[in-house]
Amino acid sequence: MTKINKQPDLDIVFEALANKHRREIIYVLGLQPCSISYLASIRSLSLPAIHKHIKLLEKANLILRRKIGRTNFLTLNRKSLRGLQDWLMQYHTYWGSDEETLENYAQYLSREITKNKTKN
């Protein structure tokens, strides 16, 4: 079984991060824990809209909720982001290598075509 198959929650994480509002929420919570009402006010979203986004982020286990008194505070779950980072790092060895990037590969093909034309 590959490492990818051992991470079934990755689809949920990508789905949660597919929306710009949710990515902005992740960014803000990466800076500091916030109340739900504060997040709604700085994002200019209604409470029902922010709750929809929070629900998806919680489903992906990207944020954690803690109730203090009557106020719900959210914080970033960095552990879940590490799983995403681990998955992305599998491909890091290809980034910037000579013939794996698209630009370098296009140059490689161009040289091969030129080389084949000069042989004929």
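Readers should treat all values here as calculations from the given coordinates under stated rules, not as data from a laboratory. Remember, it's a predicted structure, so these values are computed and weren't measured experimentally. Methodologically, a virtual Cβ is constructed for each residue, glycine included, from the backbone with ideal geometry; neighbour enumeration extends over all protein chains shown.
What ranking of Val28, Val13 emerges when the number of other C-beta atoms within 10 Å of each C-beta is taken as an exposure proxy, fewest first? Before the final figure, lay out each step's value.
Values: Val28 17, Val13 20.
In increasing order of surrounding Cβ atoms, one gets Val28, Val13.
So if a site counts as exposed when it's one of the GluC sites (Glu not before Pro), its DSSP state isn't H, G, I, E or B, and it has at most 15 other Cβ atoms within 10 Å, what's the longest stretch of the chain without one?
No qualifying site falls inside 1-98, the longest such stretch.
Calculate the translational D of the chain in whole µm² s⁻¹ from Stokes-Einstein, where the hydrodynamic radius comes from the Kirkwood formula applied to all Cα pairs, the temperature is 20 °C and the viscosity 1.002 mPa s.
Diffusion coefficient, whole number: 124 µm²/s.
Please state, as a whole number in µm²/s, the translational diffusion coefficient that the Stokes-Einstein equation yields for segment 35-80 at 4 °C and 1.567 mPa s, with Rh defined as the Kirkwood radius across alpha carbon pairs.
119 µm²/s
With labels modelled as points extended 7 Å from the Cα through the Cβ direction, what inter-label distance (nm, one decimal) is found for Gln107 paired with Leu81?
According to this spin-label approximation, the distance is 3.4 nm.
What is the angle, in °, between the Cα long axis of helix 102-119 and the longest principal axis of the Cα atoms in the chain? Nearest 10 is fine, range 0 to 90.
Around 10 degrees separate the two axes.
By the scheme Lys and Arg +1, Asp and Glu -1, what is the net charge of all other residues having a beta-carbon under 13 Å from that of Ile26?
My count for the surroundings of Ile26 gives +3.
Add -39500 (n - 2.57) for each DSSP H run of 4 or more in the chain, then divide by its residues: what number comes out at 222 nm, to the nearest 500 deg cm²/dmol?
Working: 6 runs with 71 residues, N = 120.
-18500 deg cm²/dmol, from helical runs alone.
So which chymotrypsin sites (Phe, Trp or Tyr not before Pro) in segment 35-91 end up in coil per DSSP with only 10 or fewer other C-beta atoms within 10 Å?
Sparse-neighbourhood loop chymotrypsin sites (Phe, Trp or Tyr not before Pro): Tyr91.
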